[in-house]
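The values are calculated or read from the model by the stated rules, or taken from the named source; none is laboratory data. Note that the structure is predicted; figures quoted are calculated from it, not measured. Here Cβ is always computed from backbone atoms with ideal geometry, including for glycine, and neighbour counts include all displayed protein chains. For accessibility, only protein heavy atoms count, side chains too; no ligands or nucleic acids. Shrake-Rupley method; radii C 1.70, N 1.55, O 1.52, S 1.80 Å.
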Amino acid sequence: MALRRFVQMEKRLLHDSNLRDQYRTFMNDYQEQSHMIKPKQHCPTGYFMPHHAVFNPVSTTPKTRVVFDASATTTTGSSLNDHLFVGPILQRKLTDTVLRFRVPKVVFTADIAQMFQQIQIRPEDWKYQQIFWRIEQGHPLEIFQLTTVTYGTACAPFLATRTLEQLCKDESKRFLLASKAGTEDFYVDDLLSGADTVDEALALQNELIQMMASGGFKLHKWASNHPELLVLVPNADSEQIAFFEDEKTTRTLGLTWQPRRDVLLTKLHEISFHSGPITKRSVYSDIAKLYDPLGLLRPVIFAAKVRLQKLWQLEVD
């Protein structure tokens with residue numbers, strides 16, 4: 001199954017040189033950082049995961065990343081995810097995290113670079129995360145084992161969140177402010193935090209950087225409603241002061257945030273009338289694109305759904 005899907009994916013890459021280059025870059029980076037290694041000897045038991053590319057046009061980091069499919073069913077009739085526990089929910093609700101973010105006067109956002117890949121799984125479990133890969137079609141096909149928590153496995157979100165929780169507990173005496181924020185202000189790998197004064201926010205930011213680094217985690221893609229919190233961040237990692245002054249927006253937890261004015265925005269997708277006839281299905285699709293975790297847009301969404309209901313009542317095509 002995994003071999004068949006690899007061959008299909010490889011054929012797709014042959015027809016898209018840009019995607020092929022980005023795919024190779026991702027896999028080479030994985031190998032260089034030892035996130036995937038060649039096993040010393042062939043393992044007859046275990047599991048092989050198919051993989052494919054996912055393209056995110058709004059990402060500020062590389063727009064193409066490789067996703068591993070642990071839900072792919074084998075000849076036994078089950079997948080790796082069928083045999084993994086999901087784990088309990090440890091993080092707060094998304095709405096709680098966003099609402100807390102609106103309370104402090106000086107706020108900042110960041111996220112953990114490659115969070116899952118910084119957490120190693122037990123070597124005896126690597127055989128359950130095997131993949132096929134080769135840099136060029138025609139080269140010998142090679143087997144690799146993924147050594148870290150892998151996006152696409154059922155337990156990955158729990159393992160990442162639980163590891164961060166443990167780091168906050170272990171470092172609570174050294175980093176009192178950061179350990180509290182690390183427990184309350186993260187949503188998986190996204191950080192939304194702040195304080196009531198610039199000095200307090202700077203102290204919190206500094207503690208967070210040090211505490212996360214002690215666990216092998218690096219915070220990057222910083223943004224803030226106050227420019228001073230971007231000064232001490234390395235230029236390669238910050239959205240930079242120019243970003244702040246240009247009134248540009250950034251994405252956080254699926255929401256659009258304008259740091260300089262410190263407001264949350266909703267961007268509407270332009271409805272195209274040139275891609276074919278408008279149907280009830282396409283209208284519903286446009287309504288579903290209105291992302292509203294706080295419920296602030298419900299009057300607007302309600303009006304849109306009423307119009308959709310009328311289309312059904314009119315029995316139009």
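A few points about this structure:
- Looking across the stretch 104-129, the residues that are without any contact (Cβ under 8 Å) to a residue 40 or more places away in the chain and either among the aliphatic types (A, V, I, L, M) or assigned to a strand (DSSP E or B) (or both) come down to Q120, I121.
- Sub-7 Å Cβ pairs linking a first residue in the stretch 130-157 that is closer than 15 Å to F116 by Cα and open to solvent by 20 Å² or more (accessible area, probe 1.4 Å) to a second residue that is in a loop (DSSP other than H, G, I, E, B) and of a type in the set (D, E), at least 6 apart or interchain, are G152/D69, ordered by first then second residue.
- Tally of residues being open to solvent by less than 80 Å² (accessible area, probe 1.4 Å) and either farther than 15 Å from D190 by Cβ or under 18 Å from the mean Cα position of the chain (by Cα) (or both) across the stretch 91-107: 7
- Test for P88: is it assigned to a loop (DSSP other than H, G, I, E, B), within 30 Å of H226 (Cβ to Cβ) and either open to solvent by 80 Å² or more (accessible area, probe 1.4 Å) or out of contact with any Phe, Trp or Tyr (no Cβ under 6 Å at 6 or more places or on another chain) (or both): no
- Within the option set V231, V306, being at pLDDT 90 or above and either at negative phi or over 23 Å from the mean Cα position of the chain (by Cα) (or both) holds for one residue only, V306.
- Pair list, Cβ < 6 Å and 6+ apart or interchain, from the stretch 159-176 residues that are closer than 16 Å to L204 by Cα to residues that are among the hydrophobic types (A, V, I, L, M, F, W, C) and crowded, with 18+ Cβ neighbours inside 10 Å: E171/M211; F175/M211
- Here L296 clears all of (1) over 26 Å from D189 (Cβ atoms); (2) open to solvent by 70 Å² or more (accessible area, probe 1.4 Å); (3) modelled with pLDDT under 90 except the condition numbered (1).
- The set of residues in the stretch 274-293 being among the polar types (S, T, N, Q) and either in a helix (DSSP H, G or I) or exposed (fewer than 11 other Cβ atoms within 10 Å of the Cβ) (or both) consists of S275, S282, S285.
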